[in-house]
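As structure tokens, the structure follows; a few thoughts come after it.
The values are calculated or read from the model by the stated rules, or taken from the named source; none is laboratory data. Here the structure is a predicted model, which is why all the values come from computation and not from measurement. FYI the Cβ positions are ideal-geometry reconstructions off the backbone, even for glycines, and counts take in every protein chain you see. SASA here: full protein model, heavy atoms, side chains in, ligands and nucleic acids out. Shrake-Rupley method; radii C 1.70, N 1.55, O 1.52, S 1.80 Å.
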Amino acid sequence: MTPPSSTPLPEPASELFSLRGRRALITGSGQGIGFTLARGLAAAGAELVLNDIDPVRLEQAVATLKQEGFPVTGRCFDVTKSAEIDAALAEVGPLNILINNAGIHRRAPLESMPLEAWQAVLDVNLTSAFLVTRAVVPGMIRRRAGKIINLCSLNCEVSRPTIANYAAAKGGLKMLTRAMAVEWGKHNIQANGLGPGYIRTAMTGTLTVDPEFDRFIRARTPAGRWGEPKELVGTAVFLSSRAADFVNGQILYVDGGLLAAL
Ligand code: NAP
């Protein structure tokens, strides 16, 4: 064993977690969690490429972060369309970090769920991560470095009525994350999942104003409250940074303790 006196000093946290010199693409980052993660990664030093399906929302998000002094560009594309993704990313330059964040809900009882609702949720929440990562990863493999973060969910582990499509997609995303880790670990690429609990965004807007659901979440979550998008930033920065160089194939839940409670 190496004697303690000759082991190198640990790097200061400011260096270990710094994203200076890194370029990150975050899908669906025109608002909500993706936008907040973009701001957080930019504050940690990264250059950001934002994406959204809505060009106006994307333009506003890019303008906001530019005004705050961050180096940001935007690429408008639909994460479910392979040709659009490839065209949009062709001239984006090397990407060190990819956050597959775009997601949707289409709630319906399973026995009467339209195929369109099933397919749309699978496409945006699961297939998109395959398509966007497939477009980005060859550069990471060539450079022998890359961080991939997939926005998972408590529904990787547990379900609720009317969200079978979402639970199936997020459960699949958990295993896609592990498959990425297993296949690309040899290229020094780390793929991990970030699993938020119930977070206040447009996606959960109808739920936060539903008194019964709000009561249920507060009672069910050991923290006794909803989470805010900014509470996910630390985990995203960690998983994007050199501090996570040996963390691979994990799903890190940031949920106020919900998954731990029965
Ligand atoms: P959000 O506020 O609805 O933001 C998602 C963004 O992605 C929206 O701007 C959305 O546009 C965009 N988008 C949808 N389809 C797209 C496509 N095909 N191509 C490109 N962009 C697309 O949602 P959020 O709450 O921030 O959620 C972000 C991620 O976290 C999702 O993967 C979600 O499943 C996950 N998550 C959220 C929570 C939560 O409590 N909020 C909990 C667990 C996991 P439109 O609005 O036009 O659809």
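Things worth noting here:
- Note on surface exposure: Glu183, Glu157, Glu59 rank Glu59, Glu183, Glu157 by accessible area, highest first, 1.4 Å probe.
- In the assembled protein chains, Arg106 presents an accessible area of approximately 100 Å² (probe radius 1.4 Å).
- Fraction of accessible area attributable to carbon and sulfur, the chain (%, probe 1.4 Å): 58
- Of all aspartates and glutamates in the structure, those lying under 13 Å Cα to Cα from Lys81, and not within fewer than 8 positions of it along the same chain, are Asp52, Asp123.
- Taken per residue, the accessible surface of segment 171-262 reaches 49 Å², heavy atoms only and a 1.4 Å probe.
- Build a GNM of the chain with springs between Cα atoms under 10 Å apart, and of Arg20, Arg160, Arg57 the one that fluctuates most is Arg160.
- Partners for Lys230 among aspartates and glutamates (Cα-Cα distance below 13 Å; same-chain residues under 8 apart left out): Asp255
- Counting only protein heavy atoms and using a 1.4 Å probe, the accessible area of Asp86 comes to about 80 Å².
- Look at the Cα gyration tensor of segment 204-249: its axes a ≥ b ≥ c give a/c of at least 1.5 with a/b over b/c, and that counts as prolate.
- Kirkwood Rh in Å, taken over segment 15-260 so that all alpha-carbon pairs contribute: 18.1
- Surface exposure of segment 3-108, expressed per residue as accessible area with a 1.4 Å probe, stands at 49 Å².
- In a fully extended conformation the segment linking Val158 and Ala13 would gain 48.7 nm over its present Cα-Cα distance, using 0.36 nm per residue.
- Distance from segment 25-71 to segment 227-262 (C-alpha centre basis), Å: 20
- Residues of segment 125-166 with amide N under 17 Å of the 7 Å Cα→Cβ point at Thr206: 160-166
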